[in-house]
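Peer 1: Handing you this structure, nothing more for now.
The values are calculated or read from the model by the stated rules, or taken from the named source; none is laboratory data. Note that this is a predicted model, so its numbers are computed, not measured. Reconstructed Cβ throughout: ideal geometry from the backbone, glycine too, with neighbour counts over all protein chains shown. Keep in mind that these areas ignore ligands, DNA and RNA; they rest on the heavy atoms of the full protein, side chains included. Shrake-Rupley method; radii C 1.70, N 1.55, O 1.52, S 1.80 Å.
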Amino acid sequence: GLETTSNRNYGSWVASSNWVRNALERPIIRDPGARMIYSTGNTHLLSAIITKIGGNTWKFADEVLAEPLGFDLPRWPKDPQGIYFGGNDMELTPRQMQAFGEMYLNSGRFNGKQVISESWVRESLVPRTRSPRDPTRLYGYCWWIRDLGGHRVYYAWGYGGQFIFVVPTLDLVVVTTSSTATGRDRRGHLSGIYDLLEEHIIRPISSATNQQLAD
């Protein structure tokens, strides 16, 4: 129920002298569990916890996640206390995003190796709440979920329109990258990406698959 550190509050949050304290000292504006409040500070708290118990979030992700997927992660920014940013700036290339999506599509496996546990993949894709902005958009553990073209789609959503879409029923991973520039002409950008995915990728593949099964 804490007030968000994202959207209109993001600038003041990252300009604060202590990101963890700032996130935890925000006022409670909803009953806990009553309504989704998206907040980048939430995942930064996870990075702070890893750091507190003696870890290094960037190094952990680089060794345990990126290395098995075949690439290196550039270092992320840190907060004023030296905690690696737990919310943004992973800066993956499209091929790296594709590898991550394929790992998730294959229940946490990549090139025959179990990178993350199958149980975590399964649990993270279970809808836990619903977006207050769009009731058709659900949310799991850092994965957005919605139906497009008659198929359940799971997607990681980066700033400005960077997406990793995973469609298990079609054995499909789609990656999009976009300019991070903002402005009035960007208001329809998200729906445009959804339409592109649904009408020009999911529906044609689904139709072709159904035709093959019929034959």
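Peer 1: Please give every one of the lysines within straight-line cross-link reach of Lys78, meaning a C-alpha to C-alpha distance under 16 Å, and leave out same-chain neighbours fewer than 8 residues apart.
Peer 2: Those lysines meeting the cut-off are Lys52, Lys59.
Peer 1: Given a 1.4 Å probe and the protein chains all in place, what does the accessible area of Leu196 round to, in Å² to the nearest 10?
Peer 2: Number for this one is 90 Å².
Peer 1: If you take the square roots of the eigenvalues of the alpha-carbon gyration tensor of the stretch 57-215 and sort them as a ≥ b ≥ c, do you get rounded (a/c under 1.5), prolate (a/b over b/c) or oblate?
Peer 2: Oblate shape, in that a/c is at least 1.5 and b/c is the bigger or equal ratio.
Peer 1: Less than 12 Å from a label point 7 Å out along the Cα-to-Cβ axis of Leu190: which backbone N atoms in the stretch 1-26 qualify, by residue?
Peer 2: Within reach of a label on Leu190: 7.
Peer 1: What accessible surface, in Å², does a 1.4 Å probe find on His44, ignoring ligands, DNA and RNA and rounding to the nearest 10?
Peer 2: Result for His44: roughly 0 Å² accessible.
Peer 1: I need to check one value: relative contact order of the chain, counting alpha carbon pairs closer than 8 Å and at least 6 residues apart, in percent.
Peer 2: The value is 12 percent.
Peer 1: Put a dot 7 Å past each Cα toward the Cβ at Ala214 and Asn111; how far apart are the dots in nm?
Peer 2: Placing both labels 7 Å beyond Cα along the Cβ direction yields 4.1 nm.
Peer 1: Report, by chain and number, residues whose modeled amide H sits under 5 Å from the one on Met36, excluding near sequence neighbours (fewer than 5 apart, same chain).
Peer 2: Excluding prolines and chain starts, which carry no amide H, the hits are Arg130.
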